[in-house]
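The values are calculated or read from the model by the stated rules, or taken from the named source; none is laboratory data. The model shown is predicted, which means the values in this text are computed figures rather than measured ones. Please note: Cβ atoms are built from the backbone with ideal geometry, for glycine as well, and neighbour counts cover all protein chains shown.
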Amino acid sequence: MQETRPKSLRSIEEKMEALDIKSLRYHVLESAKNFKCSWIELGRSLYSVYKDKMYKEWGYLNFDVYVSREIGIRKQTAMKLLKSYYFLEKEEPQYLKDDYADAAKPASIPSYESVDILRQAKNKKGLDEEDYRNLKKEIFEKGKDAAEVKKNLGVIIRQRQELDSDQIQEKKRFSALKRLLGQLRSLKTEVSTLKILSVSLIKDLDNLIRNIDLEMEEKS
């Protein structure tokens with residue numbers, strides 16, 4: 001019967017056969033084998049290997065070579081797994097608890113790509129706490145995939161940028177009115193002292209100052 005399993009999977013299993021099943025090295029390989037349904041466990045294992053440089057004890061010069069040759073994943077993928085797991089451990093530890101995994105529906109367990117997007121959004125300039133909560137809800141409760149999460153995040157950022165732009169323009173208009181009001185008050189003092197304008201014009205100037213003052217109060 002022809003072998004139908006992927007070559008990368010067979011390679012991992014062959015390495016596992018030569019190791020102690022209680023060793024960390026075996027556990028990492030086992031996590032890699034179950035990668036599709038257990039990325040969090042693989043992320044946790046890789047984090048231990050990366051942090052303690054365990055790969056050197058296993059004959060690998062650096063982490064990149066280790067993940068590529070032993071586990072069969074790219075450095076970029078490995079680093080996303082590491083960062084996504086560490087992010088959950090530090091910022092959202094409730095999602096690492098066994099009862100969450102047991103209670104969650106398979107469709108709603110987030111991918112490491114989605115968690116990586118959430119990680120990047122955590123301290124992203126232009127996003128507030130409500131944006132972050134909504135994004136987290138999409139990932140952990142609605143089980144949206146990374147592509148959709150990334151698309152929604154892009155929409156939120158654009159909306160925030162447009163809002164920020166409007167607020168900046170409004171602040172500029174307010175500052176301009178404030179400067180104009182100061183100039184008009186100085187002008188009124190000067191023309192009143194020198195008596196170079198008629199009473200009616202000074203009255204008009206008073207009305208203009210009052211109207212600008214009222215508009216600024218409404219905007220503040």
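Of note:
- Residues of region 106-130 that are under 15 Å from residue 144 (Cβ atoms), of a type outside the set (Gly, Ala, Ser) and modelled with pLDDT of 85 or more: 112, 113, 115, 116, 117, 118.
- Positions within region 56-100 being of a type in the set (Lys, Arg) and either touching a strand residue (DSSP E or B) at 6+ places or on another chain (Cβ under 7 Å) or not in a loop (DSSP other than H, G, I, E, B) (or both), in sequence order: 56, 69, 75, 80, 83, 90
- Taken together, the residues in region 173-198 that are under 42 Å from the mean Cα position of the chain (by Cα) and over 11 Å from residue 209 (Cα atoms) amount to 5.
- In region 35-49, the qualifying residues are those that are under 23 Å from the mean Cα position of the chain (by Cα) and part of a helix (DSSP H, G or I), and the one that is surrounded by the fewest Cβ atoms within 10 Å (Cβ to Cβ) is 47.
- Conditions (1) part of a helix (DSSP H, G or I); (2) at pLDDT 90 or above; (3) more than 21 Å from residue 152 (Cβ to Cβ); number of the one not met by residue 30: (2)
- Subset of region 73-105 (residues that are at pLDDT below 90, of a type in the set (Gly, Ala, Ser) and surrounded by 15 or more Cβ atoms within 10 Å (Cβ to Cβ)): 104
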